[in-house]
Amino acid sequence: MTEYINTLFTEVYKILFLLIPVLVAVAMIVWLDRRVWAFVQKRRGPNVVGPFGLFQSLADALKYMFKEIIIPASANKIIFILAPIVTMTLALISWAVIPFSENFVLANINVGILYLFAVSSLGVYGIIMGGWASNSKYPFLGAIRSAAQMVSYEVSIGVIIINVLLCTGSLNLTDIVLAQENLWFIIPLFPMFVIFFISALAETNRPPFDLPEAEAELVAGYQTEYSGMMYAMFWLGEYANILLMCSMGSILFLGGWLSPVDIYPFTLIPAPLWFIFKILLLFILFSLVKAIVPRYRYDQLMKLGWKIFLPLSLSWVVITSSYLYYFNLLPAN
Amino acid sequence: MIIHSIFFYIFSIIAVFCAIMVTVSKNTVHSVFFLILDFITISCLFIMIGAEFIGMIMLIVYVGAVAVLFLFVVMMLNVSQQKNEWFTGEKNSHHIPVGLLIGTVIFFELIIVAGGWKYKPELLKNFSSIGIDLNTTNTHEIGKILYTDYIHLFQLSGMILLVAMIGAIVLTFRKREGIRRQSYFKQISRERKDAVELIDVENNKGVDINV
């Protein structure tokens, strides 16, 4: 019995050791996003609270905590309250399989990439639940838009993952990174990386694909009726999802924790730091896109997903597999 | 293994409870949410017996795609009134015999499977003589079996799905008349000389426009 309790406590300790940095990182990343956005538009951005405005997100969180949570009278209360919890939980549980270095991973499971994909495909429920339970028109329209968008872009993300899996021969995330020791997959699969990046933008409802919360048409989409801490949870979940997509991109295409070249000054930097650098690089790209590109129209968004990305990534699967088969490069089991 | 069985019972109780709630709950959207929770717990059970690939695929396909469409249909069509009529209206007596029949058939099928599993283990061995290698991951094993022994069935099911997809598109697609569709090619290939013309307008005369 003591053995079980010991295991339980070490696991809880490990989970906290992972989750608290992730939550802090989410707060910091919100700040970074606003800063980058501001710099592109020649503004200062948040720079008052703390050095360089670093504590802005903490101040925001405090503000949200002391605000009143308003539940609409005609809302379905249980589902209304469950929705932000679901979003937040799903955004956090996927970090269990992300490898920060060869041995630094909470759960090194065989089907890691499928787990990530499954959890990110569940993310749509938080949005549908929030939109439906609010019992109001704008949230419902936003939820439907968002669900259709996420389901469509998931398909192309899945096909892109197949491309990478063909080159690694394993669903384990650690194996996927180790397979890139000689050549990061961004070089042979560059078109897939571009499509992955754009699909990730759509999957996380980031601009230019933020139609679910297009403020000019839908107020704030599925979040319209939410206030206080519940709104903050949606927000945190969204940013945690963005971080997750960035880390997925760096694992699949940028070689995870591996350093770009295996020579002296680069090997000094510990592996998890390389991983964090890559996530930050992708995230800054995300926020640059937000600052630069105008919003898509909804029918164009659907056309892009189904008529351009899906055929392109599917045909790239054929190309990759024929190339690997012809040159006998298929990863042997 | 105590922990293992505790988790097994927790998941199975949730699964059975959700399955009952799917049929019992009055609100149709709640039914669908219980169905989703049921799918999730079932995939947890799959993972517990070591079938991790099937568990994950179940999550991705059923919960991530099929149940979302269920939810859409239920939310949009407002099925809840109809469901209430089925339960409380006079029509319900028509459905009970059919339901009972199907229920009994499924019940006996389950008894046969479970009984065979318990009392005639050698019977099942004949069906599962594929020879599973426990040292490789079960993704590899499924791949090896699916793409060698069962390749024709696999291709056949793919064909059926393709036909179903084309059928659905043909049935629901309607070309609406009188709509100006956006054509990227037309937009990009438009040039200044096709679009703009400079005309000297005489005073008090106006211009003929022939588009």
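The values are calculated or read from the model by the stated rules, or taken from the named source; none is laboratory data. Quantities reported herein were computed from a predicted structural model and do not represent experimental measurements. Cβ placement follows ideal geometry from the backbone for every residue including glycine, while neighbour counts extend to all protein chains displayed. Quick note on the areas: whole protein, heavy atoms, side chains included, nothing else; ligands and nucleic acids left out. Shrake-Rupley method; radii C 1.70, N 1.55, O 1.52, S 1.80 Å.
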Problem set entry | Of the criteria (1) open to solvent by less than 10 Å² (accessible area, probe 1.4 Å); (2) in a helix (DSSP H, G or I), which one A:W132 fails | (1)
For this session: Please verify whether region A:295-312 includes one or more residues that are away from chain B (no Cβ under 14 Å), open to solvent by 30 Å² or more (accessible area, probe 1.4 Å), closer than 22 Å to A:L171 by Cα and at pLDDT 85 or above.
Result: no
Exercise. Of all residues in region A:105-118 being open to solvent by less than 10 Å² (accessible area, probe 1.4 Å) and aliphatic (A, V, I, L, M), which is modelled with the lowest pLDDT?
Worked result: A:V111
Problem set entry | Long-range neighbours under 8 Å by Cβ, at least six apart or interchain, first residue closer than 15 Å to A:R34 by Cβ and open to solvent by 100 Å² or more (accessible area, probe 1.4 Å) within region A:53-78, second assigned to a loop (DSSP other than H, G, I, E, B) and of a type in the set (G, A, S) | none
Exercise. Yes or no: B:V68 in a helix (DSSP H, G or I), open to solvent by less than 40 Å² (accessible area, probe 1.4 Å), facing another protein chain (nearest Cβ under 8 Å) and touching a Leu at 6+ places or on another chain (Cβ under 8 Å)?
Worked result: no
For this session: Output the residues belonging to region B:26-53 that are closer than 22 Å to A:L171 by Cα, in contact (Cβ under 8 Å) with a residue 24 or more places away in the chain and assigned to a helix (DSSP H, G or I).
Result: B:I42, B:C44, B:L45, B:M48, B:E52, B:F53
For this session: Among the residues of region A:84-101, write down those that are within 12 Å of A:L122 (Cα to Cα) and buried (at least 19 other Cβ atoms within 10 Å of the Cβ).
Result: A:V86, A:T87, A:M88, A:L90, A:A91, A:S94
For this session: Give A:F266, A:F234 a once-over and let me know the one that is touching a Ser or Thr at 6+ places or on another chain (Cβ under 6 Å) and open to solvent by 60 Å² or more (accessible area, probe 1.4 Å).
Result: A:F266
Problem set entry | Among residues of region B:26-43, those that are at pLDDT 90 or above and more than 10 Å from every other protein chain (Cβ to nearest Cβ), counted | 7
Problem set entry | Hits in region A:135-146 (condition: open to solvent by less than 10 Å² (accessible area, probe 1.4 Å) and of a type in the set (S, T, N, Q)) | A:S146
Exercise. What about B:A15, is it modelled with pLDDT of 90 or more, open to solvent by less than 40 Å² (accessible area, probe 1.4 Å), in a helix (DSSP H, G or I) and away from chain A (no Cβ under 12 Å)?
Worked result: yes
For this session: Working carefully through the options A:G221, A:G237, A:G169, find the one that is in contact with a Phe, Trp or Tyr (Cβ under 8 Å, 6 or more places away or on another chain) and either closer than 25 Å to A:K63 by Cβ or not aromatic (F, W, Y) (or both).
Result: A:G221
For this session: Taking the residues in region A:21-38 that are free of Cβ contacts under 8 Å to residues at least 12 places away in the same chain and among the hydrophobic types (A, V, I, L, M, F, W, C) as candidates, determine which candidate is surrounded by the fewest Cβ atoms within 10 Å (Cβ to Cβ).
Result: A:V24
Exercise. Is one or more of the residues making up region B:77-91 at pLDDT below 80 and among the aliphatic types (A, V, I, L, M)?
Worked result: yes
Exercise. If you check B:G143, B:G178, which single one turns out to be surrounded by 10 or more Cβ atoms within 10 Å (Cβ to Cβ), at pLDDT 80 or above and not charged (D, E, K, R)?
Worked result: B:G143
Problem set entry | Condition check for A:S136: hydroxyl-bearing (S, T, Y) and more than 12 Å from chain B (Cβ to nearest Cβ) | yes
Problem set entry | Scan of region B:123-140 for residues that are modelled with pLDDT under 65 and either part of a helix (DSSP H, G or I) or in contact with a Phe, Trp or Tyr (Cβ under 6 Å, 6 or more places away or on another chain) (or both), ordered by number | B:L123, B:L124, B:K125, B:N126, B:F127
For this session: Six or more apart or on different chains, Cβ under 9 Å: which pairs go from a residue in region A:93-120 that's in contact (Cβ under 8 Å) with a residue 40 or more places away in the chain to one that's among the acidic types (D, E) and open to solvent by 20 Å² or more (accessible area, probe 1.4 Å)? Could you list them?
Result: A:L106/A:E11; A:I109/B:E52; A:N110/B:E52; A:V111/B:E52; A:G112/A:D175; A:L114/B:E52
For this session: Specify which of the listed residues (B:M48, B:M56) is among the aliphatic types (A, V, I, L, M) and in contact with a Gly (Cβ under 9 Å, 6 or more places away or on another chain).
Result: B:M48
For this session: Identify all residues within region A:147-170 that are away from chain B (no Cβ under 11 Å) and open to solvent by 30 Å² or more (accessible area, probe 1.4 Å); write none if there are none.
Result: A:I162, A:L166, A:C167
